[in-house]
Amino acid sequence: MVDNTNPDADSRSRYVNLAIKYKVPVRCFLMSTTYKHARHNEKFRQLTNKDHKPIPEMVVNSYKSKYTEPSLSEDFTEVVRVNFVPDFASETQKKTYMLHLLEK
């Protein structure tokens with residue numbers, strides 16, 4: 001399994017090509033979150049995990065500008081959409097998550 005942020009077909013192709021070389025089927029799991037939801041999740045991690053290093057806005061914007069949705073034309077055997085379902089350590093975390101955490 002490759003767990004990484006690969007925003008475009010070029011960055012994903014190195015993994016797909018390696019899988020094809022070794023005759024391993026390759027599926028893509030696409031997290032179904034919007035840009036704003038992802039930023040909300042990032043803010044939540046900053047508030048609830050002291051070890052989490054914030055992701056700079058420049059990095060997020062760079063990823064966003066390069067992003068192309070994965071497709072079967074990239075030689076994936078399947079593209080699976082995964083709905084984001086939060087899991088909370090406590091009721092307090094759940095309440096925090098439900099707040100509007102973004103200023104923008």
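Quick notes on this structure:
- Angle between the chain longest axis and helix 35-48 axis [Cα atoms, degrees, rounded to 10]: 50
- By the rule of a C-alpha distance below 18 Å, with chain neighbours fewer than 8 residues away ignored, the aspartates and glutamates paired with residue 21 are 10, 74, 75, 78.
- Expected 222 nm ellipticity per residue - DSSP helices of 4 or more, -39500 (n - 2.57), all of the chain, to 500: -13000 deg cm²/dmol
- 20 Å Cα-Cα reach of residue 36 towards lysines, excluding residues that sit fewer than 8 places from it in its own chain: 53, 64, 66, 94, 95, 104
- Between the exposed loop cleavage positions of the chain, defined as chymotrypsin sites (Phe, Trp or Tyr not before Pro) in a non-H, G, I, E, B DSSP state with at most 11 neighbouring beta-carbon atoms within 10 angstrom, the longest gap is 23-83.
- Listed residues 89, 4, 33: farthest to the positive end of the dipole of the chain (Cβ charges): 89
- Dividing the convex hull volume of the alpha-carbon atoms in the chain by its residue count gives 126 Å³ per residue.
Readers should treat all values here as calculations from the given coordinates under stated rules, not as data from a laboratory. Since the structure is predicted, the reported quantities are computational estimates derived from the model, not experimental observations. Methodologically, a virtual Cβ is constructed for each residue, glycine included, from the backbone with ideal geometry; neighbour enumeration extends over all protein chains shown.
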